[in-house]
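Peer 1: Take this structure first; my questions come after.
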Amino acid sequence: ELKVEQNPLFLSMQEGKNYTIYCNYSTTSDRLYWYRQDPGKSLESLFVLLSNGAVKQEGRLMASLDTKARLSTLHITAAVHDLSATYFCAVKPGSGTYKYIFGTGTRLKVLA
Amino acid sequence: NAGVTQTPKFRVLKTGQSMTLLCAQDMNHEYMYWYRQDPGMGLRLIHYSVGEGTTAKGEVPDGYNVSRLKKQNFLLGLESAAPSQTSVYFCASNPPTGHLIQETQYFGPGTRLLVL
């Protein structure tokens with residue numbers, strides 16, 4: 001059974017600090033996705049990582065993918081309050097599959 | 001483009017009642033999905049469809065049925081609602097793998113369902 005684990009589950013950090021959210025998955029996949037969800041809202045796509053070594057950056061967020069380690073990271077640089085949200089990673093296992101398996105999410109709170 | 005829309009936004013049911021949730025997308029996407037989101041459990045796939053007239057079971061299909069009679073619509077039915085089906089339901093769609101547009105999922109705004 002494919003498992004997608006995120007850690008930490010909860011993260012409270014000060015503005016201006018750096019931190020990393022980790023996403024581990026248990027089966028072969030070369031496609032990994034990061035989403036953001038604000039409280040009471042829907043999910044918004046942040047990054048699509050389609051190959052080993054892929055790195056993408058948008059503002060203070062940078063995502064990377066290591067398919068050999070089955071690990072993706074979402075790095076937050078100099079956090080600001082507006083980044084407070086829940087972040088999900090999702091994996092599309094193997095090839096020829098249509099399913100996306102989501103992690104349990106990391107709830108980030110950035111304190112002013 | 002409206003993107004992905006869901007109807008209704010909120011509903012309260014009594015145990016044993018039935019209802020249908022409607023998902024509509026105007027992006028001509030082939031693939032559509034229904035998820036449920038519960039606290040601390042992320043999103044879990046209920047059913048999905050890879051094209052008009054096709055459906056398949058996801059991770060937690062029991063107690064739900066789906067239909068995709070038209071490409072733009074994906075319906076989720078609860079025949080006899082139970083309190084365990086209290087959740088937030090999200091619909092999503094995306095183009096097929098390998099499509100020129102990156103294959104991220106586009107999510108609807110969600111339907112909050114409370115079963116008493």
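Peer 1: Since A:Met13 meets every condition but one in (1) in a strand (DSSP E or B); (2) within 18 Å of A:Lys99 (Cβ to Cβ); (3) modelled with pLDDT under 95, which condition does it not meet?
Peer 2: Looking at each condition in turn, A:Met13 falls short on (2).
Peer 1: In addition: Applying the selection to the range B:86-115, what residues are assigned to a strand (DSSP E or B) and either within 15 Å of A:Tyr33 (Cβ to Cβ) or modelled with pLDDT under 95 (or both)? Give the derivation first.
Peer 2: So in the range B:86-115, the residues assigned to a strand (DSSP E or B) come out as B:87-94, B:106-107, B:111-115.
B:Phe90, B:Ala92, B:Ser93, B:Asn94, B:Tyr106, B:Phe107, listed by residue number.
Peer 1: Now for a separate question. Just to be sure I understand, how many residues within the range B:31-47 are outside any strand (DSSP E or B) and at the interface with chain A (Cβ under 9 Å from one of its Cβ atoms)? First the steps, then the outcome.
Peer 2: Filtering the range B:31-47 for residues outside any strand (DSSP E or B) gives B:38-42.
Adding the requirement that they be at the interface with chain A (Cβ under 9 Å from one of its Cβ atoms) leaves B:40-42.
Residues meeting the conditions: 3.
Peer 1: I would also like to ask the following. Which ones in the range B:48-79 are farther than 20 Å from B:Thr5 by Cα and assigned to a strand (DSSP E or B)?
Peer 2: B:Ala56, B:Lys57
Peer 1: Shifting gears a bit: Does B:Asn28 count as more than 10 Å from chain A (Cβ to nearest Cβ), modelled with pLDDT under 95 and more than 20 Å from A:Lys99 (Cβ to Cβ)?
Peer 2: So B:Asn28 fits the description; yes.
Peer 1: Being touching a Gly at 6+ places or on another chain (Cβ under 9 Å) and part of a loop (DSSP other than H, G, I, E, B) is the filter here; which residues of the range A:31-46 pass it?
Peer 2: A:Gly40, A:Lys41, A:Ser42
Peer 1: Are there any pairs with C-beta distances below 9 angstrom linking a residue in the range A:65-77 that is of a type in the set (S, T, N, Q) to a residue that is outside any strand (DSSP E or B) and surrounded by fewer than 18 Cβ atoms within 10 Å (Cβ to Cβ), with the two at least 6 apart or on different chains, and if so which?
Peer 2: A:Thr67/A:Thr28; A:Thr67/A:Asp30; A:Thr67/A:Ser51; A:Thr67/A:Asn52; A:Thr67/A:Gly53; A:Thr77/A:Asn18; A:Thr77/A:Gly59; A:Thr77/A:Arg60
The values are calculated or read from the model by the stated rules, or taken from the named source; none is laboratory data. These numbers were taken from a predicted model, which means no experiment stands behind them. Note: ideal-geometry Cβ built from the backbone for every residue, glycine included; neighbour counts use all protein chains shown.
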